[in-house]
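Step one of this worksheet: look at the structure below.
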Amino acid sequence: MVINITLAENSNQRFAAHQLVKETYLRKFSVNIDELHYLHPEQFDCDTLLAYSGESNEVLGTMSIMYPNQSGIFPCESLFGFNLSLYNFAKNKYVEIGRFATSEKAKRNPAVVISLFLGAIRHLQIRQINGWTATVKNDVFDFLRKIALPLHRIEQFPVLREEDPLNTYVGERSNLHLFDVSLEATVFSFQRFEGYLKKELVKILF
């Protein structure tokens, strides 16, 4: 299967990404992301990646590359109450990667996750970004550790109101991981997957 990676450039593509995230978070975590906008109305600029089947044009996966707001706050700080200003990286040269989602059909296909990260690497290189941070569950965290990505764990715990639906997403604290990592280290760890690009099993269309 050929996987095409593109940036969402119109309302239809952004809607498709949103729907996939919504379906995934309902299925996996029993969280309705539309409800989060009422408790967490803060808006952040983002670029959204989409993974499509090269054969059927079906949306297989998505992830978002999100930028700090004018106050220098990342989405994870707004949502979870984290404080990344305590750590030694320049926020204006870092992004947050999140809103990972894969379709029911693609959820057991690691090539979809790999292709999204290859697309993210290309995009960060174009934007001259130094590194990224993320808040992820065990499945994504374990995948990144298996490929020896040198993650810098940030030991902070979410501070949420009792009625916040994110409590369902967080679950056990041991299942949620906050980290940062340089783009240089990410490129090095993902070199093992360059064959996907050389054999055109993954095509980055930007």
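Rule-based calculations on the coordinates, nothing more; no lab input. This is a predicted model, so every value here is computed, not measured. Methodologically, a virtual Cβ is constructed for each residue, glycine included, from the backbone with ideal geometry; neighbour enumeration extends over all protein chains shown.
Assuming a ≥ b ≥ c are the square roots of the Cα gyration tensor eigenvalues, decide whether the range 40-139 counts as rounded (a/c under 1.5), prolate (otherwise, with a/b larger than b/c) or oblate. Please report the intermediate quantities before stating the final value.
Details: a/c = 2.20, a/b = 1.78, b/c = 1.24.
Prolate, since a/c reaches 1.5 and a/b exceeds b/c.
For the range 195-204, take each phi angle, set θ = phi - 60°, evaluate the Karplus expression 6.51 cos²θ - 1.76 cosθ + 1.60, and give the result in whole Hz per residue in order, putting x for glycine and proline.
Ordered by residue, 3J(HN,Hα) equals x, 4, 7, 5, 8, 6, 6, 10, 10, 9 Hz.
Determine the principal axes of the Cα atoms in the range 3-204, then give the extent along each, sorted from largest to smallest and rounded to whole angstroms.
Each principal axis gives a Cα extent; for the range 3-204 these are 48, 34, 31 Å.
With a ≥ b ≥ c taken as the square roots of the eigenvalues of the C-alpha gyration tensor of the range 66-118, please select rounded if a/c is under 1.5 and otherwise prolate if a/b is larger than b/c or oblate if it is not? Walk me through the intermediate numbers first.
Numbers: a/c = 3.17, a/b = 2.29, b/c = 1.39.
Prolate shape, in that a/c is at least 1.5 and a/b is the bigger ratio.
Phe179's amide H: which non-local residues (gap 5+, or another chain) put their own amide H closer than 5 Å, with H modeled 1.01 Å from N in plane and none for Pro or chain starts?
Ala134, Ile154
Between the range 147-188 and the range 65-130, what is the separation of their alpha carbon centroids in Å?
Taking the Cα centre of each part, the range 147-188 and the range 65-130 sit 11 Å apart.
Quote the charge dipole size of the chain about the Cα centre in Debye, to the nearest 20; the model charges only the Cβ of Lys and Arg (+1) and of Asp and Glu (-1). Can you show the working numbers first?
Working: 22 positive and 23 negative charges, 144 e Å.
The calculation lands at about 680 debye.
Under the definition of Cα pairs under 8 Å and six or more residues apart, what whole-number percent is the relative contact order of the chain? Present the calculation step by step, with values, prior to reporting the outcome.
Working: 319 pairs, mean separation 53.9, N = 206.
About 26 percent, as a whole number.
Go ahead and estimate [θ] at 222 nm for the chain from helices alone: -39,500 (n - 2.57) per DSSP H run with n ≥ 4, summed, over the residue count, rounded to 500. Before the final figure, lay out the partial values.
Values: 8 runs with 75 residues, N = 206.
After summing the helix terms and dividing by residue count, I get -10500 deg cm²/dmol.
Taking trypsin sites (Lys or Arg not before Pro) as candidate sites, keep only those in a DSSP loop with at most 15 other Cβ atoms within 10 Å, then name the longest stretch of the chain containing none of them. Can you show the working numbers first?
Numbers: sites that count: Lys105, Arg108, Arg127, Arg161, Lys199.
Here the longest segment lacking exposed loop sites spans 1-104.
How much length, in nm to one decimal, is gained on full extension between Lys137 and Arg14, taken as 0.36 nm per residue of separation minus their Cα-Cα distance?
Extending this stretch completely gives an extra 41.9 nm.
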